[in-house]
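Below is one structure, written out as structure tokens; the observations come after it.
The values are calculated or read from the model by the stated rules, or taken from the named source; none is laboratory data. Since we're looking at a predicted model, the values are computed, not measured. Here the Cβ is made from the backbone with ideal geometry for all residues, glycine too, and neighbour counts use every protein chain on show.
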């Protein structure tokens, strides 16, 4: 699982890295991106249970000879867990605007809450 690593230098600058739990910072990682001073503290921060939401373009080449692209303005919605490899992908496609509206209802949702909302919205069937 990836976690957040937060670094701070003596000049109170803060920078973060999102990396695996077993991550070992290199000398470049601990150098402050603002003034080059070394980090004096590093803290490990586990991500909150909030789902990731993504648009998957449905665009595909429907005629390879001519190079015609079909479904260019359609998108699938994907919601995935930040903690496990689980994810849900909508069965049907949406326009950009409709997909953005549907995605907004997953803001600040836990994985359990998102799965319930997914079913209520009917994203798992036509």
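Filtering the stretch 9-42 to residues that are surrounded by 11 or more Cβ atoms within 10 Å (Cβ to Cβ) and either closer than 24 Å to residue 82 by Cβ or in contact with a helix residue (DSSP H, G or I) (Cβ under 8 Å, 6 or more places away or on another chain) (or both) leaves 14, 15, 16, 17, 18, 19, 23, 25, 29, 42.
Residue 52 meets each of the listed conditions (1) more than 30 Å from residue 125 (Cα to Cα); (2) surrounded by 13 or more Cβ atoms within 10 Å (Cβ to Cβ); (3) under 19 Å from the mean Cα position of the chain (by Cα) apart from (1). Residue count for the stretch 66-99, restricted to those that are free of Cβ contacts under 8 Å to residues at least 24 places away in the same chain and surrounded by fewer than 17 Cβ atoms within 10 Å (Cβ to Cβ): 13. A Cβ distance below 6 Å, combined with a sequence gap of six or more or placement on separate chains, defines the contacts here; from the stretch 10-34, residues that are touching a residue at least 60 places away in the same chain (Cβ under 8 Å) reach no residue that is surrounded by 14 or more Cβ atoms within 10 Å (Cβ to Cβ) and in a loop (DSSP other than H, G, I, E, B). Quick check: is even one residue across the stretch 35-45 at pLDDT 95 or above, in the same structural domain as residue 100 (by TED's automatic domain parsing), part of a loop (DSSP other than H, G, I, E, B) and over 15 Å from the mean Cα position of the chain (by Cα)? For the stretch 35-45, residues at pLDDT 95 or above, in the same structural domain as residue 100 (by TED's automatic domain parsing), part of a loop (DSSP other than H, G, I, E, B) and over 15 Å from the mean Cα position of the chain (by Cα): absent.
Of the residues making up the stretch 70-87, one or more are more than 27 Å from residue 1 (Cα to Cα), within 21 Å of the chain's Cα centre (by Cα) and at pLDDT 95 or above.
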